[in-house]
1. What is the one condition in (1) away from the ligand (no atom under 16 Å from the Cβ); (2) surrounded by fewer than 16 Cβ atoms within 10 Å (Cβ to Cβ); (3) closer than 18 Å to residue 276 by Cα that residue 68 does not satisfy?
2. Looking only at residues in region 288-320 that are within 14 Å of residue 137 (Cα to Cα) and open to solvent by less than 20 Å² (accessible area, probe 1.4 Å), which one is nearest to the chain's Cα centre (by Cα)?
3. Checking the condition in contact (Cβ under 8 Å) with a residue 24 or more places away in the chain and either assigned to a loop (DSSP other than H, G, I, E, B) or loosely packed, with under 15 Cβ neighbours inside 10 Å (or both), which residue from 420, 435, 392, 401 passes?
4. So which residues in region 223-261 are touching a residue at least 60 places away in the same chain (Cβ under 8 Å) and in a strand (DSSP E or B)?
5. Does residue 79 satisfy being open to solvent by 70 Å² or more (accessible area, probe 1.4 Å) and hydrophobic (A, V, I, L, M, F, W, C)?
6. Within region 261-287, track down each residue that is more than 16 Å from the ligand (Cβ to nearest atom) and open to solvent by less than 10 Å² (accessible area, probe 1.4 Å).
7. Please name all residue pairs, on different chains or six or more residues apart, with Cβ atoms under 7 Å, provided the first residue is in region 154-166 and is among the hydrophobic types (A, V, I, L, M, F, W, C) and the second residue is more than 15 Å from the ligand (Cβ to nearest atom) and open to solvent by 70 Å² or more (accessible area, probe 1.4 Å).
8. What number goes with the only condition from (1) within 14 Å of residue 420 (Cα to Cα); (2) touching a residue at least 40 places away in the same chain (Cβ under 8 Å); (3) out of contact with any Lys or Arg (no Cβ under 6 Å at 6 or more places or on another chain) that residue 381 does not pass?
Amino acid sequence: MTLARRELLARTGLALAAGAIASPGRSNAAAAEGMPQSRDGSSADPWDAVRAQFVLSDEYIHMSAMLIASHPKPVRDAIEQHRRAMDANPLTYLFQNNRSLQDAARAAAGQYLGVNAPDIALTDSTTMGVGLVYNGLRLTPEQEILSTEQDYYVTHESIRLAAKRTGAKVRKIPLYEWIDEITEDQIADRIAQAIAPATRVVALTWVHSSTGLKLPLRRIADALEALNADRDEAARVLLCVDGVHGFGIEDVLLPDLGCDFFMAGCHKWLFGPRGTGIVVGTKRGWDAVLPTIPSFTDGETWQAWYSGAEPAGSTTGRRMTPGGYKAFEHLWALPQAFAFHQGIGKSRIAERTHALAGQMKEGLAAMPHVTLQTPRSDNLSAGIVSFDVEGLSPAAVVRRLRDRRIVASVAPYAVPHVRLTPCIQNTPAEIEAVLLEIRAVAA
Ligand SMILES: Cc1ncc(COP(=O)(O)O)c(C=O)c1O
């Protein structure tokens with residue numbers, strides 16, 4: 001541990017305990033089962049062994065994995081292996097391996113999410129997936145895309161461009177007036193009540209990156225299902241979701257969420273290779289969309305081009321995967337990211353992330369000069385913790401925390417908040433150290 005991090009933790013009196021504290025409510029023995037062992041082979045706190053997979057600098061307490069991940073060892077090793085092979089034999093290695101390695105990435109994502117591998121497109125990021133889906137939807141000028149005022153720039157901008165191109169309309173509703181009074185039922189009801197005869201697409205974000213609010217996707221999907229029962233296939237409402245801030249945290253299978261399209265980057269909470277992402281579609285979703293960027297791995301599209309024909313059949317994950325030569329060593333290291341998560345266990349990751357975020361929220365809620373934005377309920381939140389400090393702009397708080405060697409971020413929205421995003425790299429002692437600094441920020 002470097003001096004900086006030791007000093008930081010010492011301010012809380014927790015330096016010696018750092019890493020020796022299990023997540024609240026769980027025994028070390030239970031946590032140890034099936035998890036990587038700590039470096040000396042003991043199982044004092046198995047989360048130490050998880051943290052040891054990363055080469056994060058000890059100079060900072062890192063609370064920003066929601067933006068861009070540090071690669072854990074298995075991902076670093078896989079990238080390195082592919083990079084060396086590519087540097088030695090670029091074209092031979094590519095031609096011999098690209099198809100099977102992309103299929104392996106799809107298979108790993110499919111197994112992790114409980115969906116069929118052919119229904120997965122491989123992208124560079126959430127942003128690319130969101131853009132491809134909204135740009136590709138076959139919309140008419142009579143139809144509309146319904147979204148909320150609280151959604152993120154990436155969704156808003158993608159649907160604005162889709163509307164410009166197709167003539168379809170965009171309508172944004174306020175999802176709530178007061179976030180501290182919101183319930184799961186109210187969210188689902190508000191969306192269901194806003195559906196109009198022209199609504200063809202509902203464009204949402206699973207976990208809002210402004211406030212950390214997590215939407216009850218299953219309830220929303222159930223409400224849409226009831227409305228869709230009376231609609232023709234071509235008029236059914238499609239549920240499209242930017243899922244990035246629940247992906248890699250929540251212990252769910254995708255079919256249980258009920259989305260027609262789910263877009264996520266793999267380089268945030270999943271700790272996958274930087275520059276990777278996925279789009280998952282249902283049959284209904286794929287039938288409603290066209291690719292934007294030519295696929296290099298869809299044989300049927302190539303064959304159709306050779307013969308001057310239209311590719312037969314509907315869009316698939318492979319056909320939606322943008323082609324072109326790219327940073328293949330990152331794409332091909334995706335299976336190791338899913339294996340890393342499965343090795344620790346999805347339920348353990350969910351429990352740990354929620355426990356750390358819960359500890360942070362409890363601490364912040366008790367500070368008179370802090371307004372916590374994120375709901376306290378686990379059903380309405382995931383790993384993002386957002387808040388405001390009285391008398392200071394979010395940017396000023398983030399600067400002060402950075403000076404105290406804590407990496408936070410400002411949510412880039414018209415109404416910004418400070419964000420801290422604890423994850424499996426962090427310890428309860430780090431949360432305490434951060435809380436101590438936030439108490440001091442106002443003093
Ligand atoms: C809700 C949301 N969607 C998308 C993004 C961008 O993700 P990516 O880097 O995977 O494009 C962000 C932030 O980085 C975000 O907060």
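1. Result: residue 68 passes all but (1).
2. For region 288-320, the residue satisfying everything is 320.
3. 392
4. Within region 223-261, 238, 240, 242, 261 qualify.
5. No, not satisfied.
6. Across region 261-287, the qualifying residues are 281, 285, 286.
7. Short answer, once both residue conditions are applied: 163/169.
8. The failed condition is (3).
The values are calculated or read from the model by the stated rules, or taken from the named source; none is laboratory data. Just so it is clear, the structure is predicted and the values come from calculations on it, not from any experiment. Virtual Cβ from ideal backbone geometry, glycine too; neighbours counted across all protein chains shown. Side chains are part of the model used for accessible areas, which takes the heavy atoms of the whole protein and leaves out ligands, DNA and RNA. Shrake-Rupley method; radii C 1.70, N 1.55, O 1.52, S 1.80 Å.
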